[in-house]
Amino acid sequence: MDSSIRQNLSPTGLPDFRNPATVLHIFLAANVLGLLTVLIFEPDPARWMPAFLTLLPMLDGAAIVILLIIPAAAPYLAGIPLFSAWAVIFVTTQLVVAGLHLAFAQGSAITPSLLRELLWAGVATALIGSWLHLRQQARSPALAEARLMALSARIRPHFLFNSLNGILGIIRSDPRRAEKALEELAELFRAWRVCGRGMKWRSMESTSGARRAGWCIGRITTLPVGMRRVG
C-alpha cells in the first residue's frame, strides 16, 4: 500500500516525470504545439502537411532526448526549489535543441533558424510547464483526500495490538528500542489525529491545504517503518 500512496507525491509541486502518462502527455503536447505553429505561420494550406512533416523529425527527436534526461534527473529536481527545478528544465530544453541543431547544421552554426528554434522551444516549455502545473493543482485536493483516507484505513485496532505486542517482546531485552518504538507509535497516532481527523477536506481546495495534506502523508507514511522492525 505504501507505494500506491506515495506515487506521484511531489513536495516541490513538480509533475511526476517518471510517470508514463505524464511523459506521453508532454510528447503529445509538443506535437500539438508544433502543428499549431505550422497552421499559424504557413499561409498556404497546401503546405501545412509537408511543413509539419519537415518539422517532425527535429521536434520529436528533441522531445525524446529531453524526456530521457528529465526523468533521470527527477530525484535531483525534487530536492531543489520549484522555480530552480523549472529553470533547470528550461535550460536543458534549450541545450538539447541547440545541440541537435548544431549536430545537423550545414554551414554557419549560429543561424536565424537556430534562434527561431530556441525561441519556440522556450515558449513551448513555458506553455507545457504551465499546463502541467495547473493540471496537477487541480488534481491534488482529490488525490490528497484519497491518500489520507487510505492512510486512515491503516490505523486499525489490530495495528495497535500488533505494535504493542511487538514492543512487549523487546521491552526487557532492548529497552531503548522499545522506548523509540513507543515514541514513534505515539507520533503516528498524533499525526493521524491532526491530519486525518482534524483536517477539513474542503480546506484542501486551497494551495496551503494541499501542501499540508502532502506534509501529513509524508509524515505518516515514514513513521511506521520503525514499528515494522519491532515485530
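Return a whole-number percent for the relative contact order of region 2-138, with Cα pairs under 8 Å and 6 or more residues apart as the contact set.
Across region 2-138, relative contact order equals 30 percent.
Taking the Cα-to-Cβ direction at L39 and at I69 and moving 7 Å from each Cα, how far apart do the two end points lie in nm?
3.0 nm
Once you put a point 7 Å from the Cα of A126 and another 7 Å from the Cα of T111, both along the Cβ direction, what distance in nm separates them?
2.6 nm
Between L24 and E183, what FRET efficiency comes out of the Förster formula 1/(1 + (r/R0)^6) with R0 = 41 Å and r the beta carbon distance, rounded to 0.05?
Once the sixth-power term is evaluated, E becomes 0.40.
Suppose R0 equals 41 Å. What FRET efficiency, 1/(1 + (r/R0)^6) with r the Cβ-Cβ distance, do L56 and Q137 give to the nearest 0.05?
The value I calculate is 0.85.
Bear in mind these aren't lab numbers, they're just calculated from the coordinates by the rules spelled out. Please read these numbers as outputs of a predicted model, since none were measured by experiment. All Cβ positions, even for glycine, are placed from backbone atoms using ideal geometry, and neighbour counts span all protein chains on display.
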